[in-house]
Amino acid sequence: MNSGYFAQYLLNEGKITQTDIFELLKNAAENKADTPITALRKGMLSAEQIASIKGDASGEGFLREAGKNGLLSAVQMEELRSAVRDEDLAFAQVLLDRKLITFAELADLFKAYDALEVSPIRTVVKKRALETGLEMEADRYAAFSELFIHSLKRFMDTTVVVNTCEPIHESAELSHIVSQRLLGGVSMVTGVYAKDEVFLEMARRYSHEDIQSVDALAVDCICEFLNVVNGLFAVDAARDDMEIDLDMPRVSENSVPEGNFQLVLVVDTGFGGFALVLAGDEFALRS
């Protein structure tokens, strides 16, 4: 149920540090899990069985040894050969390569991760909301954040976690805010606040165009992305008999978000960090 959120789970549990997360995400985005870790995740082999395989413990060499020892069938080996890239496994591979965990520890972590009843995204966002004194908004903000992160992964092809720490407000120079108000059954404002270099990369990834600067096209891309996410949130709300209308997106340059009932979540990705902002009223002024 939590596919794609393994890094978030590890961060929430303190198994990895916030200091290391960006480099780990960046490396994971460039990697694919090797055969042993895929076999472990699929339950084909235990950590002990993997450790028992001698010789070339990767790729085809690993499969040959596992087959020779009777640990994998021909069907299982073919399934491992054709396995598609999985970002949870790619992240785990980076941890193994850096010797931050062992296969035995990873097996235990996968088991605990699979047993979770609540998404790690909702867990961290609700915790941050409660720490900020937003008890009434916590569940709604957590639900929206999970949808936002899922959409970010889908449309921008990136590994991602929500930072567990308080955001540090730096200079607002060379930054953009895009926000949009939701009205009706739910009343809140959602938005993206990013330095221009990250804002630009988000626009490139969403549009699949080689945009060279934060121009009108780049801004429109992020406005469209936010509108899509909010639209999906409205569809989910309609299933609970809540009607939501979307206002036009707003844009602000070189300012910081300042809204009531505001929660600022730092989102770390493989290409940089930005803030997801949730509030009860508008926090971006049209520039």
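Observations on the structure shown:
- Candidates SER255, SER52, SER119: whichever shows maximal mean-square fluctuation once the chain is modelled as a Gaussian network with Cα springs under 10 Å: SER52
- Taking packing as the residue-averaged number of other Cβ atoms within 10 angstrom, the listed peptides 122-130, 93-101, 270-278 run from highest to lowest as 270-278, 122-130, 93-101.
- Backbone HN-Hα couplings from phi across the range 251-258 [Karplus 6.51/-1.76/1.60, Hz, Gly and Pro as x]: 10, 9, 10, 6, 9, 10, x, 9
- Taking the accessible area of the chain, probe 1.4 Å, and keeping the other protein chains in place, the carbon and sulfur fraction comes to 49%.
- Residue-normalised accessible area of the range 1-62, expressed per residue, 1.4 Å probe, Å²: 47
- Leading residue at positive end of dipole, the chain (Cβ point charges), from LEU182, PHE155, VAL235: PHE155
- Max mean-square fluctuation residue, GNM over the chain, Cα-Cα springs under 10 Å, options VAL162, VAL264, VAL84: VAL84
- Highest mobility in the GNM of the chain, judged by mean-square fluctuation with C-alpha springs under 10 Å and restricted to GLU224, GLU137, GLU209, is found for GLU209.
- For the range 217-287, dividing the convex hull volume of the Cα atoms by the residue count gives 122 Å³ per residue.
- Charge dipole of the chain about the Cα centre (unit charges at C-beta), most positive-ward option of LEU200, THR123, GLY14: GLY14
- Taken over the range 132-225, the ratio of Cα radius of gyration to 2.2 N^0.38 Å equals 1.17.
- What the Cβ-Cβ distance of ASN227 and ALA57 gives, at R0 = 45 Å and to the nearest 0.05, is a FRET efficiency of 0.40.
- Once the gyration tensor of the Cα atoms in the chain is diagonalised, the equivalent ellipsoid follows with semi-axes of 39, 20, 17 Å, ordered largest first.
- Rounded if a/c under 1.5, otherwise prolate or oblate - the range 162-209, Cα gyration tensor axes: oblate
- The calculated P(r) of the range 53-135, using every Cα pair and 10 Å bins from 0, goes 14, 29, 33, 13, 7, 3 in percent.
- For a label point 7 Å along the Cα-to-beta-carbon line of GLU105, residues of the range 1-26 with backbone N under 18 Å: 6-25
- Theoretical gain in end-to-end length, ARG81 to ASP196 [0.36 nm per residue, Cα-Cα removed]: 37.3 nm
The values are calculated or read from the model by the stated rules, or taken from the named source; none is laboratory data. Keep in mind it's a predicted model, so treat the numbers as computed, not measured. Using ideal geometry, Cβ is built from the backbone for each residue, glycine included, and neighbour counts are taken over all protein chains shown. Areas reflect the complete protein model, heavy atoms only, side chains present, ligands, DNA and RNA absent. Shrake-Rupley method; radii C 1.70, N 1.55, O 1.52, S 1.80 Å.
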